[in-house]
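Note sheet for the following structure.
The values are calculated or read from the model by the stated rules, or taken from the named source; none is laboratory data. Bear in mind the structure is a predicted one, so any value in this text is a computation, not a measurement. Here the Cβ positions follow ideal geometry from the backbone for every residue, glycine too, while neighbour counts run over all protein chains shown. Areas reflect the complete protein model, heavy atoms only, side chains present, ligands, DNA and RNA absent. Shrake-Rupley method; radii C 1.70, N 1.55, O 1.52, S 1.80 Å.
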There are 2 protein chains.
Amino acid sequence: MKINYPTKKLYKKTVSTSNRGMNLEEDLNQSNDHYLINNTAIIYKKPVPIQIVKVDYPSRSAAVIKEAYFKVPSTTDYNGIYKGKYIDFEAKETKNKTSFPLNNIHKHQVEHLNNISKMGGIGFVIVRFTTLDLTFYLESDKLFEFYNRGDSGGRKSISLDEFKEYGHLIKNTYSPRIDYLKIVDLYIE
Amino acid sequence: MKINYPTKKLYKKTVSTSNRGMNLEEDLNQSNDHYLINNTAIIYKKPVPIQIVKVDYPSRSAAVIKEAYFKVPSTTDYNGIYKGKYIDFEAKETKNKTSFPLNNIHKHQVEHLNNISKMGGIGFVIVRFTTLDLTFYLESDKLFEFYNRGDSGGRKSISLDEFKEYGHLIKNTYSPRIDYLKIVDLYIE
């Protein structure tokens, strides 16, 4: 038993990640680094918003946060500049195989993206169906429509077919791993 | 003595803040709220970057961060969109009465602002001399020049006179308290 245990663990780990890359956040960080190094775009993930309650200052060492809480984000995770345009998006993963449940995105995030688009910025979501290893780009106007459908009694999710029809499939590539700016180009015209 | 004590405290407090408003961060948050509500611009302060080490999940209540550390920010504090343009800036206060010491800003933040400006965005710093209650806007190109002067053996600060010559004084107003977009307008032409 003792001999088998580590092997089993290793086996499980290999299987669970075999046909997938890294997770979406890591793929996006790699892609944004790629864009930054190549002077293509300057896009960063925002830090997680935290409510800090207690901080200790031990002598001769860095301040230690001893009590803090996660806050609901006011905006989206990513923003920056590309070809002079303001870029703003949220990225989400789902294990669901047929649709993306809209309770994964906060209402004020959808409204934020909608306002960005009204101001002349480029707003969108990147949604990955992890089980299918499919990653889609969906522009904020369409997201807003689907969200409103849910709010007015319709289905509270976006089906995979709707992503295929109204979104853009982003192929996995080597570097950048998720070349979403290629899709942004379509909207910059 | 017991009777005088609270009065003294009150007096001290009144004096120390009498001819100043709130601090710069609060003034900027109020101004950004004002811009947001009036559909003028969508500009947010980014959360403070934190390295989270330990999180507790007490039953039936929110996750509590029990150990975390402050990280050096990769970028600046504020960014967003105004008149279709990408806006990016850092805000700093100094108690100094004659100059702004450049060690208040990280080198990579200056380089970030310089890159933003090269990409067609609007980058700048807002510096407040708290003792004088003077708030200046300085565009990123000028900031970059002054920073390089310090790096190549020159003075490692920007004098008040240089702010008056190369920057723009932002008057305190009621709402927005710091109407910095008026200065941005000069650079959007």
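General remarks:
- Chain A - percent relative contact order, Cα under 8 Å, separation 6 or more: 18 percent
- Using a cut-off of 22 Å between Cα atoms, the listed pairs B:Lys71/B:Lys92; B:Lys95/B:Lys156; B:Lys85/B:Lys142; A:Lys46/B:Lys97; A:Lys85/B:Lys92 include A:Lys46/B:Lys97; A:Lys85/B:Lys92 as exceeding that distance.
- Heavy-atom accessible area, probed at 1.4 angstrom with all protein chains present, ranks B:Tyr86, B:Tyr147 as B:Tyr147, B:Tyr86, highest first.
- Label-point spacing at A:Lys95 relative to the other copies reads 5.4 nm, in ascending order, each point sitting 7 Å out from Cα along Cα→Cβ.
- A simple charge model with +1 on the Cβ of Lys and Arg, -1 on the Cβ of Asp and Glu and nothing else charged puts the dipole of the range A:89-187 at about 260 debye relative to its Cα centre.
- Whole-number Å³ per residue for the convex hull built on Cα positions in chain B: 211 Å³
- Heavy-atom accessible surface of the range A:46-177: percent carbon and sulfur, 1.4 Å: 49 percent
- Fraction of antiparallel bridges per DSSP, the protein assembly as shown only, in percent to nearest 5: 80 percent
- Take each residue in B:113-122, count the other chain C-beta atoms within 10 Å of its C-beta, and the mean is 3.
- Averaging the sequence gap over all C-alpha pairs within less than 8 Å and six or more residues apart, then dividing by the number of residues, gives the range B:119-189 a relative contact order of 28 percent.
- Take the accessible area of A alone and of B alone, subtract that of the pair with a 1.4 Å probe, and the total buried over both chains is about 2800 Å².
- Inter-site label distance for A:Glu189 and B:Lys171 at 7 Å from Cα along Cβ, in nm: 4.2 nm
- Kirkwood hydrodynamic radius (C-alpha pairs) into Stokes-Einstein, the protein assembly as shown, 4 °C and 1.567 mPa s, D in µm²/s: 55 µm²/s
- Value at 222 nm in deg cm²/dmol, rounded to 500, when DSSP H runs of n ≥ 4 in chain B each add -39,500 (n - 2.57): -11000 deg cm²/dmol
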